[in-house]
Amino acid sequence: MQSQRTRYGYAVRIERGEEIVAALADFARRENVRAAAISGLGAVGECELGIFLPGTGGYVRRTFHGDFEIGALTGNLSELDGQPFPHCHVVIAGEDLVARTGHLFRGVVTVTCEVQLVTDPGVFRRVRRPDLGFNPLELG
């Protein structure tokens, strides 16, 4: 991974073979980023996406294998239990150019992944809510 400080945060390049969510968490830990907006693009191979089902309080997950362009990577960086928590959604498309989207659990970069982090000096915190099945931001 390479990074450069910008006026509003960071530009980050995640390298081939690196996993996106883990790389963003490692970067946030190293740079002490506790609140940020995430925006990016790139390419992935193995990718695990999910959709949250409120009725069950859980996710349906699906793993994709192949070559996929990232049409959009969006999300935020917060902290959960004092640790960096990248919450990302992604739109990917393969050779058929059919878009697939969902919560990004895992995505291994095949070419590059270029991410902009717009940071805030504060902290976005998440709280554990087992009754909901996810960990929402605690705001206010």
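Here is how the numbers come out for the structure above:
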read-out: Mean Cβ neighbour count within 10 Å, used as a protection proxy, ranking 35-47, 2-14 highest first; value: 35-47, 2-14
read-out: Cleavage-rule hits, trypsin sites (Lys or Arg not before Pro), the stretch 40-135, DSSP coil, Cβ neighbours within 10 Å at most 14; value: ARG128
read-out: Global geometry of the stretch 1-88, whether rounded, prolate or oblate, following the gyration tensor of its Cα atoms and the 1.5 cut on a/c; value: oblate
read-out: Alpha-carbon centroids, the stretch 83-105 and the stretch 1-52: separation in whole Å; value: 13 Å
read-out: Förster radius 35 Å - calculated FRET efficiency between ASP131 and ALA72, Cβ distance, rounded to 0.05; value: 0.70
read-out: For the stretch 1-90, accessible area per residue (1.4 Å probe, heavy atoms of protein chains only), Å²; value: 54 Å²
read-out: Protein accessible area in the stretch 1-134, 1.4 Å probe - carbon and sulfur %; value: 51 percent
read-out: Table column - 3J(HN,Hα) (Hz), the stretch 51-63, Karplus curve with 6.51, -1.76, 1.60, x for Gly and Pro; value: 10, 7, 10, x, x, 9, x, x, 9, 8, 10, 9, 9
read-out: The stretch 90-140: chymotrypsin sites (Phe, Trp or Tyr not before Pro) in DSSP loop, at most 16 other beta carbons within 10 Å; value: PHE134
read-out: Quotient of C-alpha Rg and 2.2 N^0.38 Å, computed over the stretch 24-140; value: 1.10
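The values are calculated or read from the model by the stated rules, or taken from the named source; none is laboratory data. Computed from a prediction, not measured in an experiment: that's the story for all the values here. Cβ: placed from backbone, ideal geometry, glycine included. Neighbour counts: every protein chain shown. Just the protein is used for accessible areas: all its heavy atoms, side chains included, with ligands, DNA and RNA removed. Shrake-Rupley method; radii C 1.70, N 1.55, O 1.52, S 1.80 Å.
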